[in-house]
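What follows is a single structure, written as structure tokens, with notes after it.
The values are calculated or read from the model by the stated rules, or taken from the named source; none is laboratory data. All figures in this text were calculated on a predicted structure; none of them were measured in a lab. Glycine gets a Cβ as well: all are built from the backbone with ideal geometry, and neighbour counts include every protein chain shown.
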Amino acid sequence: MTAVASPLTTTLEVRGVSVRFGGVIAVADVTFTAHTAEVLGVMGPNGAGKTTLFNVISGVQRPTSGEVSLGGSRLTGRGVEDVAALGVTRTFQTPVMFWGLTVRESVEVALAAREFGGTYPPAPWRELLRCGFGTPGRRRENAVLRECADAILTGAGIAAMAGRATESLAFGEERLLEMARALAVSPNVLLLDEPLSALNPDEIEAVLTSIRSARASGVAVLLVEHAVGELLAVADRVVVLDHGRKIAEGSPQAVAADPLVIDAYIGDELE
Amino acid sequence: MYGRFGLVLLALVAVLVWFLPSYYTGLLTQIGLYALVTIGLNMFMGYAGQVSLGQAAFVGIGAYTSAALAVKGHVTPWLGLIAGALVAALVAYVLSFIALRLRENLLALATLALGIVINVVFNEWEFIGGSSGFKDIPGFALGAFTFDQRAYAILAWALVALGIWFAGNVVRSSFGRALIAISAGELGAQTLGVESERLKRQTFVLSAVYAGVAGAVYASSFSYIDPSSFSFLLSVNFVLMSVIGGIRSLWGAVIGAAVVVALGQVLQNVVPLVLPSARGDFQQFFLGVILIAMLILLPRGITSRLREARA
């Protein structure tokens, strides 16, 4: 008997996750896995629980029951920074910008965490003293961070923005920067919450290119997106939520043809 | 850049003290010590985006530590200065576990309350002099030379130069960028692995070190301290200096300290002419009015306007 070799390595496991806010059930017993080097689309009408699910995975929201783990180690119960240190990062529906920093400096913030083993600052106090006294070693590291940041901005196609103040960015540029920043931490799992909304066609193309290249480099990308056409085009697999429950999972074609899914979306439009 | 700026100021002070009357030399010392506290406060408020209405308490802890060691233990103020900074740091570290759980308005209230509680301790603890404090606190000395007004002004501004150099290095490093990131979007920074609580704690402790150092020098240069020297009003004045100069600016801390001390002098001389019955509290009243006016007219401080003018 030959074992069927799975081409996919399991990375992120979501097992029986439920979230209740008082009497409201936002996420109900959701289970799925996401694998390295795949784009997993997460679909569902408004209020289906997609963002809440992302909050649970990224450590922002503690689930009422169930757990999330990555490569066997438990993420549930850890703080946001620790989840990030294990390689799970995300973007937000409304991009979070670090006003006061330039585009390059924003990426350097992300890089600093990666360079020092996942979280920043690393060892308590020592980093503050090294920075304050401007030790030669620290200055060298700064130069390295800067070079890495420029490489990442070039890779994201936004090298021209490097020196600009983040306050001056247009919405689409904010999205591209937030995406580049998230990729700067070399995540294993990247959660993208509606990365295409309110973008022009060129920007959409740039984000989709980033998503594909992240997948090519082995990242498990979880993609929440209302632009169903784009989502089905870029996703390898799709999970569909409705009223907090998983109602379908499978290939984009299979999911698009699923009567339950069609019903959920049409039902939503009628409401 | 900050280092050189500090050295230029130090050189300027070192020259000025030979020409100024001793009263003004004393004011220079005061401005320098206030600037030092405000540099630390700006790290915590301007860069890390937090609030502290209790900074005077850390100045007091530095002053009391140094004074108690000198008066009771005959310890040289040089060691007292280091001890004052360490005790202030330790207290800030412990308090941070309570205070930094809170955000914004609640953090402001918590630091305000902690400042008042520490002042109550100064008042009630007989070992450190209770409400009458310490007098005849030994001064700094270098060999046979006991510090005079001039030497204190130079010491204060040497500490400002050191403090602004260190803070300048921090704000232009990864550490400083991470502070700005958490003040702008804490959750966003955390999802990248930035330990916001650790950053806030370390910056709070750093601000207490600056305050503690200033307090230790203050105690020896005035040779007298009591609890009222470190009241809530002083904390408010530090916030005022911070806001006037621009909270996210290290130069602003120096400008803010100079402006507030100068304003105090002007008010002291002008208010009695206009309101003959006015007493000291009126100064505070006018400083309060100025704070509100600043927040409305120049919310990002004087240095923001200078920056715009340069751009």
Within the stretch A:143-158, can you find the residues that are outside any helix (DSSP H, G or I) and either in the same structural domain as A:Ile211 (by TED's automatic domain parsing) or of a type in the set (A, V, I, L, M) (or both)?
-> A:Ala156, A:Ile158
Regarding A:Ser210, is this residue of a type in the set (Ser, Thr, Tyr), in the same structural domain as A:Val56 (by TED's automatic domain parsing) and in a helix (DSSP H, G or I)?
-> yes
Failed criterion for B:Gly215 (all others in (1) out of contact with any Gly (no Cβ under 6 Å at 6 or more places or on another chain); (2) outside any loop (DSSP other than H, G, I, E, B); (3) not hydrophobic (A, V, I, L, M, F, W, C) hold) = (1)
Which of (1) charged (D, E, K, R); (2) within 28 Å of A:Ser251 (Cα to Cα); (3) assigned to a loop (DSSP other than H, G, I, E, B) is the odd one out, the single condition A:Glu13 does not satisfy?
-> (3)
Please find, among A:Leu86, A:Leu145, A:Leu53, A:Leu128, the residue that is at pLDDT below 95 and either within 19 Å of the chain's Cα centre (by Cα) or more than 9 Å from chain B (Cβ to nearest Cβ) (or both).
-> A:Leu86
Complete set of residues in the stretch B:23-62 that are outside any helix (DSSP H, G or I) and not small (Gly, Ala, Ser) | B:Gln50, B:Val51, B:Leu53
Tell me, yes or no, whether the stretch A:154-173 has at least one residue that is farther than 17 Å from B:Ala184 by Cα, within 11 Å of chain B (Cβ to nearest Cβ) and not polar (S, T, N, Q).
-> no
Candidate set: the stretch A:189-200, residues that are touching a residue at least 40 places away in the same chain (Cβ under 8 Å) and more than 13 Å from chain B (Cβ to nearest Cβ); chosen: the one surrounded by the most Cβ atoms within 10 Å (Cβ to Cβ) | A:Pro195
So B:Ser96 clears everything in (1) surrounded by 21 or more Cβ atoms within 10 Å (Cβ to Cβ); (2) in contact with a Phe, Trp or Tyr (Cβ under 6 Å, 6 or more places away or on another chain); (3) part of a helix (DSSP H, G or I); (4) not aromatic (Phe, Trp, Tyr) except one condition, right? Which one?
-> (1)
How many of the residues in the stretch A:56-83 are away from every other protein chain (no Cβ under 14 Å) and among the acidic types (Asp, Glu)?
-> 1
Among the candidates B:Ser173, B:Ser207, residue that is closer than 30 Å to A:Leu111 by Cβ, more than 9 Å from every other protein chain (Cβ to nearest Cβ), crowded, with 23+ Cβ neighbours inside 10 Å and polar (S, T, N, Q) | B:Ser207
Output for the stretch B:86-106, where each listed residue is of a type outside the set (Gly, Ala, Ser) and modelled with pLDDT of 90 or more = B:Leu86, B:Val87, B:Leu90, B:Val91, B:Tyr93, B:Val94, B:Leu95, B:Phe97
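Here's the yes/no breakdown for (1) at pLDDT below 95; (2) under 15 Å from the mean Cα position of the chain (by Cα); (3) not charged (D, E, K, R):
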| position | (1), (2), (3) |
| --- | --- |
| A:Leu169 | no, no, yes |
| A:Gly172 | yes, no, yes |
| A:Ile204 | yes, no, yes |
| A:Ser210 | yes, yes, yes |
| A:Ser213 | yes, yes, yes |
| A:Leu223 | no, yes, yes |
| A:Leu231 | yes, yes, yes |
| A:Val238 | no, no, yes |
| A:Val255 | yes, no, yes |
All but one of (1) out of contact with any Lys or Arg (no Cβ under 7 Å at 6 or more places or on another chain); (2) part of a helix (DSSP H, G or I) hold for A:Leu222; which doesn't?
-> (2)
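Rundown of residues vs (1) touching a strand residue (DSSP E or B) at 6+ places or on another chain (Cβ under 7 Å); (2) buried (at least 24 other Cβ atoms within 10 Å of the Cβ); (3) touching a residue at least 40 places away in the same chain (Cβ under 8 Å); (4) among the basic types (Lys, Arg), yes/no style:
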residue: B:Leu33; (1), (2), (3), (4): no, yes, yes, no
residue: B:Met43; (1), (2), (3), (4): no, yes, yes, no
residue: B:Gly54; (1), (2), (3), (4): no, yes, yes, no
residue: B:Ala63; (1), (2), (3), (4): yes, yes, yes, no
residue: B:Val71; (1), (2), (3), (4): yes, no, yes, no
residue: B:Leu100; (1), (2), (3), (4): no, no, yes, no
residue: B:Glu126; (1), (2), (3), (4): no, no, no, no
Within the stretch B:184-204, can you find the residues that are within 7 Å of chain A (Cβ to nearest Cβ) and either part of a helix (DSSP H, G or I) or among the aliphatic types (A, V, I, L, M) (or both)?
-> B:Ala184, B:Leu187, B:Gly188, B:Ala189, B:Gln190, B:Leu192, B:Val194, B:Arg198, B:Leu199, B:Gln202
Evaluate the stretch B:246-267: report whether one residue or more is polar (S, T, N, Q) and surrounded by 17 or more Cβ atoms within 10 Å (Cβ to Cβ).
-> yes
